[in-house]
Structures are given as C-alpha cells and as structure tokens.
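Structure first, then comments.
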Amino acid sequence: MRIAVLSLQGAFEEHRQMLLRLGADPFFVRETADWKGRVDGLVLPGGESTAMVCQAQEGGLWQLLQERIAAGLPVFGTCAGMILLDRTHLNVMDIQARRNAYGRQLGSFRTVAPMKGLGEIPMTFIRAPYVEDYGDGVEVLAECGGRVVAVRQRNMLATAFHPELDGDPSVHRYFLQLASGRE
C-alpha cells in the first residue's frame, strides 16, 4: 500500500517509520511534483498548522490535497493534521478543531485511554487540539478528559494525539485497514 506523508514539517519521519514497520510503502510529499503514481492514502502529521497551510498553498499543494481527499482519498491527520482536515481549513471533514486546546508546550502530556475498536492505547498530546464540534456523519472514537480526541468520517481518520511517537502501531494499522477498505 502506497501512502503519501505530507512532509512540510513535524513528525513526518516518525509516521514513515511506523508505516514501514506495518509493511506499507510510504513516500514524502513536499510539493506537487512529489505526487506521482498510485497513492492509496495520505498522512497529515502534526506540526504548526498555520505554517503548513502557508507552505502548501505557496506550492500549489493545498488545492491538490483538497481535491484528492474530497474525491475519496483515505486520509489520517494527527494533531495539526486534524486541524487541516476541519471546516476552516481543507473543509473535507465535518469537524471543527480547537487549536492549542490543552495550552502551550508546558501543557503537553501523555496518557493511556480507550479508543473504539483498539482498546487502551498510549496517547501523546503536544499543544494538542480537540474536536469542539462535529456533524452527524462523524464517529467519535476516543475522548480524553471529556474532550473528543479521535474521530472518523468515512475513510478519514483524525487524532488530536501523536500515535507515531508511542511505538504502538494500532492506530496506524487501523488507518491502513481503513485505506484498504477492510474497515
């Protein structure tokens, strides 16, 4: 399975390593020219969402991402990637994320909490958002402290936390199953 990993900033290498570990064929996308051949899915990593939007728009990548996801490309957004998917940004997922909802860098934390279908998993939150509003077609997969931190809509998955930093491959495996149509 060939998975594009947006690599403008953030933990894109950690996502690539996790996908390799699960037998996928990840490749980095920094500009439209990197988008070649068959693409079975896309990962939008964490990072600084405003910087990612500006970089993607400057190179014409923003429109390509929006078109491909809207056309049905499976996508997995983590932290800033969740923000990129929301109504205000790419507007492909019927969610509204609240940026930096847990405060500044000092408000970052790690916990273990249940995620629907996966059981208890580690969750690392770094200046994380949460989903403050979502539409009827959105399934809540996880909550932490009463806040929605993982959602799914059709073949789109978004987490406020960083599963690529914890060594547990279950969330990435879930995405690969979603991308292959087995979930």
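All of the numbers you see were taken from the coordinates with simple rules; none came from a lab. The structure presented is a predicted model; accordingly, all values stated were derived computationally and were not measured. No Cβ is skipped: glycine too gets one built from the backbone with ideal geometry, and neighbour counts run over all protein chains shown.
Order by neighbour count: 86, 94, fewest other Cβ atoms within 10 Å first, most last.
Details: 86 25, 94 18.
Placing the least packed residue first, the sequence is 94, 86.
About the Cα centre, and with charges only on the beta carbon of Lys, Arg (+1) and Asp, Glu (-1), how big is the dipole of segment 2-179? Nearest 20 debye, please. The partial results should precede the final answer.
Details: 18 positive and 20 negative charges, 20 e Å.
For this selection, approximately 100 debye.
Please sort 51-59, 147-155 by packing, taking for each peptide the average over its residues of neighbouring beta carbons within 10 angstrom, highest first.
On the way: 51-59: 16.3, 147-155: 21.1.
Averaged packing, sorted descending, gives the order 147-155, 51-59.
Run the dipole for segment 14-84 about the Cα centre, Lys and Arg Cβ at +1, Asp and Glu Cβ at -1, nothing else charged, and hand back the magnitude in debye, nearest 20.
On the way: 6 positive and 8 negative charges, 40 e Å.
It comes to approximately 200 debye.
Here are several values of volume of the Cα convex hull per residue in Å³: (i) 135; (ii) 101; (iii) 123. Which one was derived from the coordinates shown?
Computed from the coordinates, volume of the Cα convex hull per residue in Å³ corresponds to (ii).
Order of 118, 19, 90 from fewest to most other C-beta atoms within 10 Å? List each step's numbers first, then the result.
Values: 118 16, 19 26, 90 23.
Going from sparsest to densest Cβ surroundings: 118, 90, 19.
Give a residue-ordered list of calculated ³J(HN,Hα) values for segment 39-56 (Karplus: 6.51 cos²θ - 1.76 cosθ + 1.60, θ = phi - 60°; whole Hz; x for Gly, Pro).
10, 9, x, 9, 10, 10, x, x, x, 9, 4, 5, 5, 5, 4, 4, 5, 5
Evaluate the distance, in nm, between pseudo-label points positioned 7 Å from the Cα of residue 48 and of residue 22 along their respective Cα→Cβ axes.
If labels sit at residue 48 and residue 22, their model points lie 2.9 nm apart.
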